[in-house]
Amino acid sequence: MIITDVEAVVLKQKNIEMIGDGSQDTVVVLVRTDEGITGIGEVDSNPYVVKQIIESPASHMACIGLRDVVVGEDAFDVEKIWYKMFEKSYYYGRRSVAIHAMSGIDMAIWDAIGKKLGLPVSKLLGGTFRTKIQAYCSVLMPGTEEEIKELIGRHMNGGYQGMKLGWGALAQDYKKDVQLVRWARKYLGDDKELMIDIGMLWKDVKMAVSTAKEFEKENVFWIEEPFRPDDLDSYRYLRDRTSCHISGGEEVGTMFEFDDLLGRGCVDIVQPDLSRCGGLTVAKKLTDMAMLRKVTVVPHAFKTNILMAATLQYIASLPEAWYLEFCEQDTELRQKLTKPIFEIDGDGYVQIPQRPGLGIDIDWDVFEYYRVK
Ligand SMILES: [Mg+2]
């Protein structure tokens, strides 16, 4: 099944707010093949830069746009293609947005292989450990007690057993962080799990420890990305001094960076984003690395249902899995771009599609409506 073309299409809702919500736009990666099968992927990054990295003409042998690297390859050589993309982008790549772009292509290739074989991607990753997964509600942290009460009332009266509040009003003031968490626990009740995402913004490790001690009293299950992703010493310092789990890894890409994060004992929970970490090819290796280090994998997924579909297939293949992140932002692309649209059942579970590939279709009318021409 020879790859004949790769297209990166930017989609965007009309108005973009400067908030920590990446589901307001996206870049969809379409990998076309000579068998008429098109694989679908998505990248959570700056969509315009990703499009350039994929569609750029070649400059020299270690500086080639990814489309030109991939066209002509057999899609079944997915791992070989990963290394080829990595090597042919050395000069501008190796980390960050080049790896993000590779992730979208890699995701689309796995989708194409699944479609060709008539198998869900989880079967290609080693097997299906589960067909449903508990979801937690993931939203931005509001700034007032009234808003927190309203938000929790709106989302948590169904099946969700856990909620993560992140970014937004957090990490502007340590005392305010404690107040926000107390309000969240007050309205969430004692029987639901509470997770807090600091969005990489704490700076002072000692203040972080004392704030985490206050979070412990509110039974915060995990503290996510307390520090910037390169500040690994601070992750380790905090992890050694709090009973809250420390999580991170959504900014991390390639095995080299995951090896650093896990090898230096920085996290209890690793959160690969399949649209940024290097794709399913890297995530599959991370499964084993994390198991050896006794770190739990809870993937990051805060984009459209394309990423959620890939994440569900990956979660199905994990020997141990706690949670699916379920983005509850009311953005148009998240709600409309794919069929089916995933839903939470009365017990807080999401069913994992058993259809070929990632198990979703794009609504092409919606796709064209939001396409940036
Ligand atoms: Mg996060």
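Quick note: the coordinates plus some simple rules give every number you see, no bench work behind them. Nothing here was measured: the structure is a model prediction, and the numbers come from that model. As a convention, Cβ positions derive from the backbone with ideal geometry for all residues, glycine included, and neighbour counts pool all protein chains shown.
Some observations on this one:
- Cα-based reach from Lys186 at 30 Å (exclusive), listing lysines while leaving out same-chain residues under 8 positions away: Lys132, Lys149, Lys164, Lys175, Lys176, Lys203, Lys206, Lys213, Lys217, Lys303
- Counted charge near Leu312, where neighbours are those whose Cβ lies closer than 12 Å (Asp, Glu -1; Lys, Arg +1): +2
- Prolate/oblate/rounded call for region 264-372, Cα gyration tensor, a/c under 1.5 rounded: prolate
- Rg and Dmax, both from the Cα atoms of region 197-243 and both in Å, are 9.7, 29.
- Among the listed pairs Lys14/Lys336; Lys192/Lys339; Lys115/Lys373, those beyond 21 Å (Cα-Cα): Lys192/Lys339; Lys115/Lys373
- Ranked by the mean number of other Cβ atoms within 10 Å of their residues, highest first, the peptides 54-62, 327-335, 205-213 fall in the order 327-335, 205-213, 54-62.
- Orientation-averaged projection of the chain equals 17.2 nm² [convex hull of Cα atoms, one quarter of hull surface area].
- In summary, the lysines within cross-link reach of Lys80, defined as a Cα separation below 16 angstrom excluding same-chain residues under 8 places away, comprise Lys88, Lys284, Lys285.
- Share of Cα-Cα pairs in region 201-283 lying beyond 19 Å, as whole percent: 34
- Region 124-236: C-alpha gyration tensor shape, a/c 1.5 cut-off, then a/b vs b/c: oblate
- Set of aspartates and glutamates near Lys123 by C-alpha distance (under 18 Å), chain-local residues within fewer than 8 positions excluded: Asp77, Glu79, Asp106, Asp111, Asp288, Glu320
- Packing-based ranking, highest mean first, of 214-222, 168-176 given that Cβ atoms within 10 Å are counted: 214-222, 168-176
- Debye intensity ratio in log₁₀ form over the Cα atoms of region 1-109, taken at each q of 0.22 Å⁻¹: -1.13
- Each Lys or Arg adds one and each Asp or Glu subtracts one; over the other residues with Cβ under 10 Å from the Cβ of Pro356, this totals +3.
- Kyte-Doolittle mean at least -1.0 and Cα axial length at least 20 Å: DSSP H helices in the chain: 96-117, 174-188
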